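This report refers to the structure that appears directly beneath it.
Nothing in this text is a laboratory measurement; each read-out follows from the coordinates by a stated rule. In this text, all values refer to a predicted model and were calculated from it rather than measured experimentally. Neighbour counts run over all protein chains shown; Cβ positions are idealised from the backbone, glycine included.
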Amino acid sequence: MSQTYDIAGFRAALGPIRVEDNPVLMRQKSRDFYWYSPVLKRQLDHVCADLIVTPQNESEIVAVLKEAHRLGIPITPRGAGTGNYGQAMPLSGGIVLNLADMNHVKSIARGRTMLYFINGHLMSVLIDDHPTMFVDHGVLSIQLEGRGDNTASFRNLWLKNLQ
């Protein structure tokens with residue numbers, strides 16, 4: 001933390017949005033695998049956020065960004081913290097915007113169209129309009145990619161035949 005920010009005012013303005021100020025958790029959520037590099041280990045070992053904020057939806061993200069902007073507090077958005085070499089660390093302190101809970105995924109396949117939603121927002125539309133290669137039956141697969149000890153779980157997974 002190299003500067004002083006109005007963290008108390010920021011926190012008060014957020015209301016019920018989930019925040020974390022436990023020093024051990026703030027240190028953990030402020031870091032990636034920067035220590036792979038001996039040079040970066042020396043340069044970044046002191047880096048830590050002043051507060052961790054974990055929004056649960058888009059409106060909470062907007063409220064956090066609006067208040068941080070008003071108070072001049074830097075924001076470092078982060079996912080699960082699996083990056084390397086200091087790519088998303090709060091170099092000036094401030095807020096780590098923990099987006100790890102923003103993970104609701106929904107895919108809908110109808111005919112030649114696949115819709116892909118994240119947290120209720122349409123992220124992509126895939127339309128198979130190839131005149132001869134389209135197949136109207138078969139298996140829909142889900143592929144997840146990641147590194148290390150990533151865990152994926154599925155809940156409310158509904159499959160039905162399209163006829």
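Quick notes
- Centre-to-centre separation between the Cα atoms of segment 45-117 and those of segment 1-28: 15 Å.
- Ordering 133, 114 from the fewest to the most neighbouring beta carbons within 10 Å gives 133, 114.
- The HN-Hα couplings worked out from phi for segment 94-104 by the Karplus form 6.51 cos²θ - 1.76 cosθ + 1.60 (θ = phi - 60°) are x, 10, 9, 8, 7, 9, 4, 7, 8, 9, 7 Hz, whole numbers, x standing for Gly and Pro.
- Antiparallel content of DSSP bridges confined to segment 1-133, in %, to 5: 65 percent
- Sites residue 129 and residue 8 - FRET efficiency at Förster radius 45 Å, r taken between beta-carbons, to 0.05: 0.20
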